[in-house]
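Trainee: For reference, the structure I am asking about is given below.
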Amino acid sequence: MYGTHFGLQELPFTITPDTSFFFAHSSHQDALNTLLVAARSGEGFMKVIGEVGTGKTLLCRKFMGTLEHHEFVTAYIPNPYLQPMTLLFACADELGIKYPQHINQHQLLKLLNRYLIDTYAEGKRVLLCLDEAQAIPLETLESLRLLSNLETERRKLLQVVLFGQPELNARLDNPSIRQLKQRVSFSCQLSPLSLSEVEFYISHRLAVAGYRGPRLFPHKVVKQIYRASNGIPRLVNILAHKSLMAAFGEGARVLAERHVRMAVTDTESTQGVRSVKAKILKYLTALVPAAVIGLISLFNLALSGASLIAGGSV
């Protein structure tokens, strides 16, 4: 690969959620701070919304890794598209709760409740993070609310953080789970990176990967990546990675715009953005000749009118 060529200790733009590459830009740092404050204050439900590729999973892992292990017991469920009973089994497995092979929902709930009470007695809190929460069935969301009902006079015994795409908001608007929506006490919104943030983001990941050389991504190259990715971190990673591969293939030491063009052409996820921009540009281009023709016609008409007036006054 290109690692040795550019003096890198590891690949800087992988799309796996490695917390060592966490970039604390505005919305992500705000969301992390909010989650930490909410978790430590004992809030029951929290919610993080972000479009595809904005770094929800990375934020989730960073959040869980930042919590003090002597104070929190955490559980992570990456795919919560589960029926209520299956979700309870997943929670029990994540928390290390032992249960018999043949157990009904009532018995499993009792085991979970007992675990929560015992953990609280040890001075710890249980926090459950569910990724891709927009896929959770409505009946499972309702069972999750019922599971979170257990509480002391001072705080909830189970705290839940929902990480999901904007469709999660629409799901929570369903009247059948309005009680759950009312319990979401903190909500965060992840936004794409700005142009300046993309520049810092690329430099940050290169530095974490061990790069110590001169500037590798000139500003015009960063600008091109930003436009093609719309500031979505996952797409920035993909385009930066492929651009480095293209430069390595040519033996280049600094990236050029042609390398990004090659990366964009090879990345299907950017084609939709490019096609929309192309349609707008084509539309505007078509308008220009029409506008010029219209102005010429108006000009000729004005000249004709002036000639008639001049002729009539003689």
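Trainee: Compute the Kirkwood hydrodynamic radius of segment 1-143, taking the inverse of the mean of 1/r over all pairs of distinct Cα atoms, and give it in Å to one decimal. Mind dumping the intermediate values first?
Mentor: Details: mean 1/r = 0.0578 Å⁻¹.
Computed over segment 1-143, the radius equals 17.3 Å.
Trainee: Summing -39500 (n - 2.57) over the DSSP H runs of n ≥ 4 in the chain and dividing by its residue number, what mean residue ellipticity at 222 nm do you reach, to the nearest 500 deg cm²/dmol?
Mentor: Details: 13 runs with 176 residues, N = 314.
Mean residue ellipticity, 222 nm, calculated: -18000 deg cm²/dmol.
Trainee: Binning every alpha carbon pair distance of the chain at 20 Å from zero, what are the percents per bin?
Mentor: Final binned percentages: 26, 40, 23, 8, 3, 0.
Trainee: What is the sum of charges around Gln134, taking Lys and Arg as +1, Asp and Glu as -1, for the other residues whose C-beta is under 9 Å from the C-beta of Gln134? All intermediate terms of the calculation are to be shown ahead of the outcome.
Mentor: Values: positive: Arg171; negative: Glu132, Glu167.
Taking every other residue near Gln134 into account, the sum is -1.
Trainee: Given just the C-alpha atoms of segment 34-88, how large is their convex hull per residue in cubic angstrom? Intermediate values should be presented prior to the final figure.
Mentor: Values: hull volume 5.9 nm³, N = 55.
Dividing the Cα hull volume of segment 34-88 by its residue count gives 107 Å³.
Trainee: Can I ask one more? Please report the net charge: other residues with Cβ closer than 12 Å to the Cβ of Pro233, K and R +1, D and E -1.
Mentor: Numbers: positive: Lys56, Arg205, Arg234; negative: Glu51, Glu197.
Here the charged neighbours net out to +1.
Trainee: Can you tell me the relative contact order of the chain? Whole percent, Cα pairs under 8 Å, sequence separation 6 or more. It would help to have the intermediate numbers written out before the result.
Mentor: On the way: 410 pairs, mean separation 75.6, N = 314.
Over the chain, the number comes to 24 percent.
Trainee: Any idea what angle helix 26-40 forms with the longest principal axis of the chain, computed on alpha-carbon atoms, 0 to 90 degrees, nearest 10?
Mentor: 20
Trainee: Given Gln159, Met85, Val37, which one lies farthest toward the positive end of the charge dipole of the chain, if we put +1 on the Cβ of every Lys and Arg and -1 on the Cβ of every Asp and Glu?
Mentor: Val37
Trainee: In degrees from 0 to 90, rounded to the nearest 10, what is the angle of the helix 219-229 Cα long axis to the longest principal axis of the chain?
Mentor: 70
Trainee: Moving on to the next point. Could you work out what % of the accessible surface of the chain is carbon and sulfur, using a 1.4 angstrom probe and leaving DNA, RNA and ligands out of the count? All intermediate terms of the calculation are to be shown ahead of the outcome.
Mentor: Numbers: 9620 of 16630 Å².
Ligands and nucleic acids excluded, carbon and sulfur reach 58 percent.
Trainee: Hey, another quick one. Work through the residues other than Gln159 whose Cβ is under 15 Å from its Cβ and net out their charges, Lys, Arg +1 and Asp, Glu -1. Show your work: numbers first, answer last.
Mentor: Details: positive: Arg40, Lys47, Lys124, Arg125, Arg145, Arg154, Arg155, Lys156, Arg183; negative: Glu43, Glu68, Glu71, Glu94, Glu151.
It works out to a net charge of +4.
Trainee: Can you give the relative contact order of segment 39-175 as a percent, counting alpha carbon pairs under 8 Å and 6+ residues apart?
Mentor: Once normalised by length, the contact order is 39 percent.
Trainee: Quick one: accessible area per residue over the chain, 1.4 Å probe, rounded to a whole number of Å²? Please report the intermediate quantities before stating the final value.
Mentor: Values: 16630 Å² over 314 residues.
On a per-residue basis, 53 Å².
The values are calculated or read from the model by the stated rules, or taken from the named source; none is laboratory data. The shown structure was predicted, so the numbers you read here are calculated from the model rather than taken from an experiment. So basically every Cβ, Gly included, is an ideal-geometry build from the backbone, and we count neighbours across all protein chains shown. Note: accessible area is taken over every heavy atom of the protein model, side chains too, but ligands, DNA and RNA are not part of it. Shrake-Rupley method; radii C 1.70, N 1.55, O 1.52, S 1.80 Å.
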